[in-house]
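Asks: My structure is below; once you've seen it, I'll send some questions.
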Amino acid sequence: MSERKLSLEPLAAGASGGLLSLVVLAVVGVVLVVSGSGSFFGLGGGTACAVDPSLSAGGVLADHAAPGVSTMAEKVRFCTNDPSGAQMVWQALTTLPSFVLAAGVLVLVWRLVRVAGSRGAYTPDVVRGLRSLAWWLLAGAVLAPIVQDIANAQLLRTLSADYSYTFQLPDISLAAVLTGLGLITLTRVMGNAVRMREDLEGLV
């Protein structure tokens with residue numbers, strides 16, 4: 001086994017293990033939904049819940065607080081034990097985008113490692129794979145929380161009698177955004193390196 005393959009083996013094993021875990025989780029979830037014995041991202045379950053970020057409850061745990069300390073319960077949840085089909089779909093969309101983002105990252109990393117192991121790191125195929133990973137991570141880090149926030153708002157609209165939705169930018173993972181931007185920069189550097197290598201090989 002070559003040194004290149006040895007160096008990529010831990011990353012390949014990690015990506016394969018993570019991808020296998022997501023596949024198993026998805027299969028188990030589908031089985032639970034189809035058999036009616038459980039739920040998967042809110043589908044097939046008996047409860048649908050949404051969080052109202054504009055509400056909080058004070059004094060809920062006052063008996064457990066030290067003297068002079070006030071309490072505040074945030075993230076008030078509205079739930080129904082008999083959700084409609086639309087409510088279950090909105091419930092699923094409050095978590096599904098993050099799962100899709102993670103699954104896509106693992107697939108792209110797994111494919112990238114395979115290409116790098118078989119064709120070498122400094123090849124156009126690796127540059128294209130790294131670019132796809134970078135843009136997927138960057139776009140997903142921004143869009144996934146927005147979609148989930150909108151889904152939560154739409155579900156909450158069906159559960160609250162007086163909820164008025166006003167769009168606010170949700171919490172976006174700064175680490176994921178910076179990682180995506182870093183990978184885009186790395187892609188450009190590697191692209192230039194690949195072109196220089198091809199030019200040098202053409203002179204030899």
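Asks: Could you give the dipole magnitude of segment 73-204 about its Cα centre, charging the beta-carbon of Lys and Arg +1 and that of Asp and Glu -1, in debye to the nearest 20?
Replies: Details: 11 positive and 9 negative charges, 81 e Å.
Charge dipole, segment 73-204, about its Cα centre: 380 debye, nearest 20.
Asks: Given a Förster radius of 25 Å and the C-beta distance between V76 and I150 as r, what FRET efficiency does 1/(1 + (r/R0)^6) yield to the nearest 0.05? List each step's numbers first, then the result.
Replies: Details: r = 19 Å, r/R0 = 0.75.
Step by step, r from the Cβ atoms, then E = 0.85.
Asks: Amide H of L43 versus every other amide H placed in the peptide plane: which residues, excluding those fewer than 5 positions away on the same chain, fall under 5 Å?
Replies: none
Asks: Going by average Cβ density within 10 Å per residue, which order do the peptides 84-93, 173-182 take, highest to lowest?
Replies: Order by mean packing, descending: 84-93, 173-182.
Asks: May I pose another question? Once you put a point 7 Å from the Cα of R111 and another 7 Å from the Cα of A13, both along the Cβ direction, what distance in nm separates them?
Replies: According to this spin-label approximation, the distance is 2.5 nm.
Asks: Using 0.36 nm per residue of separation minus the Cα-Cα distance, give me the extension gain between T158 and A193 in nm, one decimal.
Replies: Here the segment from T158 to A193 would lengthen by 7.2 nm.
Asks: Let me ask something additional. I want to check the label-to-label distance for I172 and L55. Put each point 7 Å from Cα in the C-beta direction and report it in nm to one decimal.
Replies: 2.9
Values quoted throughout were computed directly from the atomic coordinates according to the rules given, and no laboratory measurement underlies them. For clarity, every value in this text was computed on a predicted model and none was experimentally measured. Ideal geometry is used to build each Cβ from the backbone, glycine not excepted, and the neighbour counts take in all protein chains shown.
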